[in-house]
1. Give me the net charge of residue 62's neighbourhood, meaning all other residues with Cβ under 13 Å from the Cβ of residue 62; Lys, Arg count +1, Asp, Glu -1.
2. Residue separation times 0.36 nm, minus the C-alpha to C-alpha distance between residue 19 and residue 33: what's the value?
3. I need the shape label for segment 1-81. Rule: rounded when a/c is under 1.5, else prolate if a/b > b/c, else oblate, with a, b, c from the alpha carbon gyration tensor.
Amino acid sequence: MSIKEIIEGKKEWRAHVSRVKALPSDYQIVYKEIQKYLFKVGSVELNEGIGLLSEILSFFEEGAAAEKRVLEVTGTDVAAFSDALIEESKMRADLY
């Protein structure tokens, strides 16, 4: 990975974090918990950019724009919602 790619990645991440901070507080809390969970379970796709996180963020932005509460968007079982997101993803453990 070149220095230019690292710098671009950081710019992309900062823009992503700014979008998260623009969400209503209940969305921010749920987003951060999902992010933490995805980092913990080790989805390989997260190592290839922020694609999945960006998709979740866009989904949350749409829900917020429609003035829905976050649990109306994710359902009351946020863990099941998170598991469904990575159901088809490869995990680091799968590589080993």
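Laboratory data are not the source of any read-out in this text; all were calculated from the coordinates shown. Note that the structure is predicted; figures quoted are calculated from it, not measured. Because the Cβ atoms are built from the backbone with ideal geometry, glycine has one as well, and the counts that use them run over all protein chains shown.
1. Here the charged neighbours net out to -2.
2. The residue 19-residue 33 span can extend by a further 3.4 nm.
3. Judged from the Cα gyration tensor, segment 1-81 comes out oblate (a/c at least 1.5, b/c at or above a/b).
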